[in-house]
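K.L.:
Below is the structure I would like to discuss, written out as structure tokens.
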Ligand SMILES: [Zn+2]
Ligand SMILES: [Zn+2]
């Protein structure tokens, strides 16, 4: 049976020295169990204390702003700096060194559970996310063009480079595609099948576990 939200109160569960979680539960014991579960810990290894100032946010999640307001510090979603209610000490210090004037605090930016040192960090993160999305689309389009029969198993894409692991029908092993070089990696026993599957007759380079093979 689910308990009504009105019964839930805020607990701060200490998971380790630097890591605290807010959970909403009816009792301390339940709070410890729930907090521990989030990190795969044993409830006996955690501590919980009441935090009435967060009760109004039941059943959670608690907005980042509300945590800053009760003097928590949070990590910037972009640069992992420590952000407090007044802002980020490290960013303020950097700005001070560059401009050589009074230490300048930029107000922190929050959105839901996310927090950033400043508008600059939020914008930088948004920009990087767009770059990664575009890079990912470019990589996958290139893979579809090169190996139309392949199925994408997994992808790791940053803004400038990408690796795609592929399952190619007939190949025993996973085929790796590197972007933007267009290099393919495959097991030696899969070479013939891979060549047949390739739309482009020859790639500039392609390599195998046994060493480079030039097609
Ligand atoms: Zn910062
Ligand atoms: Zn930041």
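The values are calculated or read from the model by the stated rules, or taken from the named source; none is laboratory data. All of these numbers come straight from a predicted model, not from anything done at the bench. Cβ sites come from the backbone with ideal geometry, for glycine too, and all protein chains shown count toward neighbours.
K.L.:
Could you figure out which of (1) within 13 Å of ligand 1 (Cβ to nearest atom); (2) surrounded by fewer than 17 Cβ atoms within 10 Å (Cβ to Cβ) isn't true of residue 60?
P.N.:
(1)
K.L.:
For residue 84, only one of the following conditions fails: (1) over 20 Å from residue 62 (Cβ atoms); (2) modelled with pLDDT of 95 or more. What is its number?
P.N.:
So residue 84 meets the others, but not (1).
K.L.:
Please specify each residue of the stretch 38-58 satisfying the condition of being part of a helix (DSSP H, G or I) and under 23 Å from residue 112 (Cα atoms).
P.N.:
Residues of the stretch 38-58 part of a helix (DSSP H, G or I): 38-39, 43-45, 52-57.
Hits for the stretch 38-58 are 38, 39, 52, 53, 54, 55, 56, 57.
K.L.:
For the stretch 114-132, name all the residues that are more than 16 Å from ligand 1 (Cβ to nearest atom) and in contact with a strand residue (DSSP E or B) (Cβ under 9 Å, 6 or more places away or on another chain).
P.N.:
132
K.L.:
Taking the stated definitions as given, is residue 110 without any contact (Cβ under 8 Å) to a residue 60 or more places away in the chain and away from ligand 1 (no atom under 16 Å from the Cβ)?
P.N.:
No; evaluated as a whole, the condition is false for this residue.
K.L.:
Please find, within the stretch 119-161, the residue that is surrounded by the fewest Cβ atoms within 10 Å (Cβ to Cβ) out of those that are assigned to a loop (DSSP other than H, G, I, E, B) and under 19 Å from the mean Cα position of the chain (by Cα).
P.N.:
That would be 160.
K.L.:
Has the stretch 106-117 got at least one residue that is more than 16 Å from ligand 2 (Cβ to nearest atom), farther than 26 Å from residue 130 by Cα and either assigned to a loop (DSSP other than H, G, I, E, B) or touching a helix residue (DSSP H, G or I) at 6+ places or on another chain (Cβ under 9 Å) (or both)?
P.N.:
No: the stretch 106-117 contains no residue that is more than 16 Å from ligand 2 (Cβ to nearest atom), farther than 26 Å from residue 130 by Cα and either assigned to a loop (DSSP other than H, G, I, E, B) or touching a helix residue (DSSP H, G or I) at 6+ places or on another chain (Cβ under 9 Å) (or both).
K.L.:
Next up: Restricting to the stretch 167-179, what's the tally of residues that are in contact with a helix residue (DSSP H, G or I) (Cβ under 7 Å, 6 or more places away or on another chain), buried (at least 16 other Cβ atoms within 10 Å of the Cβ) and without any contact (Cβ under 8 Å) to a residue 40 or more places away in the chain?
P.N.:
Counting residues in the stretch 167-179 that are in contact with a helix residue (DSSP H, G or I) (Cβ under 7 Å, 6 or more places away or on another chain), buried (at least 16 other Cβ atoms within 10 Å of the Cβ) and without any contact (Cβ under 8 Å) to a residue 40 or more places away in the chain gives 5.
K.L.:
So in the stretch 66-102, with the set limited to residues that are assigned to a helix (DSSP H, G or I) and buried (at least 16 other Cβ atoms within 10 Å of the Cβ), which one is farthest from ligand 1 (Cβ to nearest atom)?
P.N.:
66
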